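Working notes, beginning with the structure itself.
The values are calculated or read from the model by the stated rules, or taken from the named source; none is laboratory data. A quick note: this is a predicted structure, and the numbers were derived from the prediction, not measured. Here the Cβ positions follow ideal geometry from the backbone for every residue, glycine too, while neighbour counts run over all protein chains shown.
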Amino acid sequence: MFIYIVNNTQIKLKNSKMTNLTESEKQKINLLIESINPNQFKGLSTKIKYLYPDIFVSIKKIQMELKLSTFSEALYLVLNDMSSVPECKHISKNCKGKLRFKNFVEGYFEYCKACSSSNEDFMEKRQETNLYKYGCIYPTQNDFIKRKIISKLTKKSSE
């Protein structure tokens with residue numbers, strides 16, 4: 001059981017089934033979000049806590065039920081009518097990994113942590129970046145990087 005203090009009132013949260021918000025509650029939150037500068041979403045949970053304590057408690061229950069790490073992730077799920085964290089879209093491996101949460105504005109990553117490195121788009125982008133930064137596909141192909149690695153390894157082995 002968790003205890004939150006909202007507007008000087010103790011609220012006890014028990015593990016319960018997910019609570020869905022009504023459309024009017026979602027509208028209240030959307031109006032609040034629209035009134036906030038997109039760069040100031042960090043204080044959103046506090047504003048909801050003091051302006052709409054009942055909605056805050058409902059979202060906290062959802063956060064507990066789904067074992068989410070942040071309030072903004074629970075709020076994102078509620079406002080986007082999602083009942084759970086989306087799964088990875090990687091088809092070839094039939095991966096069922098849970099996606100990581102970016103932020104309230106962008107939502108979730110497209111691929112799980114394990115599949116993102118094997119994604120063709122990601123690999124192409126990484127190779128383009130390496131070509132731009134180092135002049136080759138892999139940083140270890142660059143002579144300067146090779147010398148730097150060798151010097152660090154010899155320095156560590158001599159210690």
Inset, instruction - Return the pairs, sorted by first residue and then second, in which the second residue is of a type in the set (Gly, Ala, Ser) and part of a helix (DSSP H, G or I), the first residue lies in region 100-125 and is in contact (Cβ under 8 Å) with a residue 24 or more places away in the chain, the beta carbons are less than 6 Å apart, and the residues are 6+ apart or on different chains. - result: 104/72
Inset, instruction - Identify, from the list 78, 85, the residue that is in a loop (DSSP other than H, G, I, E, B) and under 20 Å from residue 45 (Cα atoms). - result: 85
Inset, instruction - Please verify whether region 101-108 includes one or more residues that are hydroxyl-bearing (Ser, Thr, Tyr) and either modelled with pLDDT of 85 or more or in the same structural domain as residue 34 (by TED's automatic domain parsing) (or both). - result: yes
Legend entry - Filter result for residue 153 (hydrophobic (A, V, I, L, M, F, W, C), assigned to a helix (DSSP H, G or I) and without any contact (Cβ under 8 Å) to a residue 24 or more places away in the chain): yes
